[in-house]
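Asker: One structure, as structure tokens, below. Some questions next.
Rule-based calculations on the coordinates, nothing more; no lab input. Computed from a predicted model, the values in this text were never measured in an experiment. Methodologically, a virtual Cβ is constructed for each residue, glycine included, from the backbone with ideal geometry; neighbour enumeration extends over all protein chains shown.
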């Protein structure tokens, strides 16, 4: 076996000198089993054709490896699966204030936004996010589908993308709004009303390449007299049910943007698979989410980052969400990593969300699971989020121990996607 230096090995991978299809070996000093939390010392992983072929004690994997397999020496680092971010917008670059959003929709062309999205995807990958679920282009058409295809074809580097195309909302419920009535301005969503129109629109989104159906279920949050965070719902119950039924009929999952009690109640009643934000979760709604098996992406960091631009309640939302998060964690709601990158700019590492989840009660292991096995379950992808045999060979490595300090995942040194080195710091 030949043991290559870090820089040389990275160069060979990136230049095609060590293709992902060629069997290769990873020598892991410590390997985290994200399902159990156990850390196994001196482990080996055999990678073939972009997947994990074998994993176990280094000496055994080495002895069973094909002759001439290359070796990546990570014996001084902890290795774990690549991270999955389950709520992003690669075509947004931060929208703390209403004008920030309007400027992107009105002043930036879709090609310009797509170029910036490609840069965002590359940054995400270098930070260790080997998979993203992107929940709406916000006025950029189906540029997310194009970016996904470009990444898959090797035209540009980036994570695996699961995309939503155009998210949905009802007439008069989503920006751009409050401009002169005679102006016919673009919207950040696909506007659709009525059950039959909804069914047709869902079919069309899937035809155009959407993996997920995203719906803005509510708006206009306020504190009700009952002490709950309340909202106005955008659709009638039968309309929301139509989104879910049609998406599921076509084999797609559904995502609901919700903020207050009313929106969460409506989304759970309709049967949405994932709830985004959901600051207004209460005990009764959390119990229903557990019973239904719904996933929750709390988007903590985005709520903090945009607080100054969200009116009188802006700085109250993070407090309300923190309390709901602790309750949901205690009740066993399936919480996945989803920070809403794009609402905050792509100069910020989305791994900051993990530290906030720990601050609000998760153990470091639970936070790591939220960004690996739980997020993979949300996606319905059994071959992501682990380093078990048969899984995609997506992994990260770092010299620190994230079980002791979750912020270490903001300092990842090595990233492999499909067995190819995409980042290797000296």
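Asker: Please give the Cα centre distance for segment 349-399 versus segment 31-50, rounded to the nearest Å.
Answerer: About 14 Å separates the Cα centre of segment 349-399 from the one of segment 31-50.
Asker: Another one. If each residue of separation counts as 0.36 nm, what is the full-extension length gain between residue 383 and residue 64 once their alpha-carbon separation is subtracted?
Answerer: Contour length minus the Cα-Cα distance gives 112.6 nm.
Asker: Angle check, please: helix 110-126 long axis (alpha carbons) against the longest principal axis of the chain (alpha carbons), in degrees 0 to 90, nearest 10.
Answerer: For helix 110-126, the angle is close to 40 degrees.
Asker: Continuing with this model, one more query. Counting helices only, and only those DSSP H runs with n ≥ 4, report the 222 nm mean residue ellipticity of the chain as the sum of -39,500 (n - 2.57) divided by its residues, in deg cm²/dmol to the nearest 500.
Answerer: One gets -10000 deg cm²/dmol as the mean residue ellipticity at 222 nm.
Asker: Please report the spacing between the Cα centers of segment 148-198 and segment 212-253 in Å, no decimals.
Answerer: Cα centres, segment 148-198 to segment 212-253: 16 Å.
Asker: Does anyone have the angle between helix 283-292 and the longest principal axis of the chain? Alpha-carbon axes, 0 to 90°, nearest 10?
Answerer: 60 degrees
Asker: In degrees from 0 to 90, rounded to the nearest 10, what is the angle of the helix 143-152 Cα long axis to the longest principal axis of the chain?
Answerer: Compared with the principal axis, the helix lies near 10 degrees.
Asker: What FRET efficiency do you get for residue 238 and residue 291 if R0 is 22 Å and r is their Cβ-Cβ distance, rounded to the nearest 0.05?
Answerer: For residue 238 and residue 291, the calculated efficiency is 0.50.
Asker: R0 = 22 Å: FRET efficiency of residue 359 with residue 35, Cβ-based, nearest 0.05?
Answerer: That pair, residue 359 with residue 35, gives E of 0.40.
Asker: If you don't mind, another one. What distance in nm lies between label points placed 7 Å from Cα along the C-beta direction at residue 119 and residue 331?
Answerer: 4.2 nm
Asker: Select one label from (i) 145; (ii) 133; (iii) 179: the one whose number is volume of the Cα convex hull per residue in Å³ as derived from the coordinates shown.
Answerer: Structure-derived value, by its label: (ii).
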